[in-house]
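> My questions will all concern the structure given below.
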Amino acid sequence: MNRSEATRQRWDRTALFFDLMAGFGPEKRWFPFKRELFARMTGKVLFLAVGTGLDIPAFPPGLEIVGIDISPAMLEKARTRAERYPGKMTLQVMDVGAMTFADRSFDQVFTSCTFCSVPDPAEGLRSIRRVLKPGGWLRMFEHTGSDVFPFGSLLNFMNPLCRHIGPEMNRDTVARVREAGFRIHRVNHLYLDVVKTIEACLPAEGGER
Amino acid sequence: MERRPYFIFGDLLSCVAAGALAGNWSVAVHGWMAIPGWPMAVAMALEMIVDMGLGMVAGMLVAAVAMPLFGAMEIMIPVMLTGMVSGMVGMLGEEIVGRSSLGAEGWGALGGVVSLLVCTWANLRLQGERVAP
């Protein structure tokens, strides 16, 4: 079984209890920050790893948004929320690392706790570069590892257990975004240096580094 | 900085609960670790390591219950830190300060409050915008 298939199966299993785990405390806590980040959505938007659609109520109305997720079970739960969105929202089962959209299809790409779970972050970011228009924005709400003791050590300690349930706890997503050729515009630490928003743009000149 | 009372209460409750549980477990293993003939320094060092590990397991258990109610990383990190600290503090508090009305659970809970304060202080220092070079 390849890593994408393993990830799909893991999130299909997690879909059974995902809303119970994340739908109240974490979502209520992060909602104001997500709404502020998502308020910057304009043009044609791709939302990666939309999951069960918990983030959809934080989207500004009236936009054209395509949401993808690797897990059909998660997307099945997202359908009701997507139907309620006051704009045009479509959902597709798709792996971030193997998106079938045409090159330069989207004005903006958004993520929400996505790159803790994408099997190959570098491949995922290359894929985003391909589907994003030159000058387009990648805006992310993510949790990452920490550079500060003892928080970094704690996250490293927890990672072997957490990765079996779902997310990796100690990824350096900011570095991966920069390495993928995006220009980091702003990183906003929301809790310690762990929960953060990352805003990066693809250089306009043909998207070259 | 979190200002909503519900979440502030949740953070405190989670850390106090994790600390008390870690303290309680540290007392439970104390009897097993007190092997006659062992040098005291070795026994204490070993017990601190065992208590720290058990405390982190206690932290994970409390986090599993508290996270759906109160948050994700904002619960997990202070609660895990509490488990690590309170596992050691619970037993040491009782042994060094002497038997007190606080008990190992009380010392552990106190460790939870201190751990939460450390996380809050660190959060105040770290949070905010970073304009990337």
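> Do the conditions hold for A:F47, that is, is it assigned to a strand (DSSP E or B), within 22 Å of A:R139 (Cα to Cα), among the aromatic types (F, W, Y) and touching a strand residue (DSSP E or B) at 6+ places or on another chain (Cβ under 7 Å)?
Yes, satisfied.
> Only one residue in A:S127, A:S112, A:S105 is in contact with a Lys or Arg (Cβ under 9 Å, 6 or more places away or on another chain) and closer than 17 Å to A:T7 by Cβ, so which one is that?
Only one candidate passes the filter, namely A:S112.
> Considering (1) open to solvent by less than 60 Å² (accessible area, probe 1.4 Å); (2) within 14 Å of another protein chain (Cβ to nearest Cβ), say which one B:V50 fails and leave the rest.
Every listed condition holds for B:V50 apart from (2).
> Of everything in region B:78-90, what is away from chain A (no Cβ under 11 Å) and open to solvent by 10 Å² or more (accessible area, probe 1.4 Å)? Give them in sequence order.
Residues satisfying the conditions are B:M88, B:V89.
> Can you tell me how many residues in region A:106-120 are touching a strand residue (DSSP E or B) at 6+ places or on another chain (Cβ under 9 Å), part of a loop (DSSP other than H, G, I, E, B) and not hydroxyl-bearing (S, T, Y)?
Counting residues in region A:106-120 that are touching a strand residue (DSSP E or B) at 6+ places or on another chain (Cβ under 9 Å), part of a loop (DSSP other than H, G, I, E, B) and not hydroxyl-bearing (S, T, Y) gives 4.
> Only one of (1) among the charged types (D, E, K, R); (2) more than 14 Å from chain B (Cβ to nearest Cβ); (3) open to solvent by less than 20 Å² (accessible area, probe 1.4 Å) fails for A:E199. Which number is that?
(2)
> OK, next. Can you tell me which residues in region A:150-164 are open to solvent by 20 Å² or more (accessible area, probe 1.4 Å) and more than 10 Å from chain B (Cβ to nearest Cβ)?
Within region A:150-164, A:N156, A:P160, A:R163, A:H164 qualify.
> Moving on to the next point. Checking the structure you have, find out if any residue of region A:171-181 is part of a strand (DSSP E or B) and within 14 Å of chain B (Cβ to nearest Cβ).
no
> I'm trying to understand the selection: among the residues of region A:6-18, which are within 14 Å of another protein chain (Cβ to nearest Cβ) and buried (at least 17 other Cβ atoms within 10 Å of the Cβ)?
Result: A:T14, A:F18.
> Cβ-Cβ under 8 Å, sequence separation 6+ or interchain: first residue in region B:59-74 and at the interface with chain A (Cβ under 9 Å from one of its Cβ atoms) and in contact (Cβ under 8 Å) with a residue 60 or more places away in the chain, partner surrounded by 17 or more Cβ atoms within 10 Å (Cβ to Cβ) and of a type in the set (G, A, S). Which pairs?
Qualifying pairs under 8 Å: B:F70/A:G25; B:F70/B:G10; B:F70/B:S14; B:G71/A:G25; B:G71/B:G10.
> Counting just the residues of region A:27-60 that are of a type outside the set (D, E, K, R), within 14 Å of chain B (Cβ to nearest Cβ) and open to solvent by 10 Å² or more (accessible area, probe 1.4 Å), which one comes out nearest to the chain's Cα centre (by Cα)?
This residue is A:L54.
> Find all pairs meeting these conditions: Cβ atoms under 7 angstrom apart; at least six residues apart or on different chains; first residue within region A:20-34 and of a type in the set (G, A, S); second residue open to solvent by 50 Å² or more (accessible area, probe 1.4 Å).
Close Cβ pairs satisfying both conditions: A:G25/B:L69.
> Still on this structure, I have one more. Considering region A:141-163 alone, what residues qualify as being in contact (Cβ under 8 Å) with a residue 40 or more places away in the chain and either assigned to a helix (DSSP H, G or I) or touching a helix residue (DSSP H, G or I) at 6+ places or on another chain (Cβ under 7 Å) (or both)? Break it down into steps so the answer makes sense when it comes.
Residues of region A:141-163 in contact (Cβ under 8 Å) with a residue 40 or more places away in the chain: A:141-148, A:151.
A:F141, A:E142, A:H143, A:T144, A:G145, A:S146, A:V148, A:F151, listed by residue number.
> Out of all the residues in region B:1-20, which are modelled with pLDDT of 90 or more, loosely packed, with under 15 Cβ neighbours inside 10 Å and among the charged types (D, E, K, R)?
B:R4
> Only one residue in A:R130, A:R176 is modelled with pLDDT of 95 or more, surrounded by fewer than 24 Cβ atoms within 10 Å (Cβ to Cβ) and closer than 30 Å to B:A64 by Cα. Which one?
On inspection, the qualifying residue turns out to be A:R176.
> Follow-up. Taking A:E83 as the residue in question, decide whether it is of a type in the set (D, E), open to solvent by 60 Å² or more (accessible area, probe 1.4 Å) and without any contact (Cβ under 8 Å) to a residue 24 or more places away in the chain.
Judged against the criteria, A:E83 is a match.
> Here are some residues: B:G31, B:G23. Which one is at pLDDT below 80, part of a helix (DSSP H, G or I) and more than 10 Å from chain A (Cβ to nearest Cβ)?
B:G31
The values are calculated or read from the model by the stated rules, or taken from the named source; none is laboratory data. Since the structure is predicted, the reported quantities are computational estimates derived from the model, not experimental observations. Positions of Cβ are generated from backbone atoms using ideal geometry, with glycine treated the same way; all protein chains shown enter the neighbour counts. Surface accessibility is based on the protein's heavy atoms, side chains included, excluding ligands, DNA and RNA. Shrake-Rupley method; radii C 1.70, N 1.55, O 1.52, S 1.80 Å.
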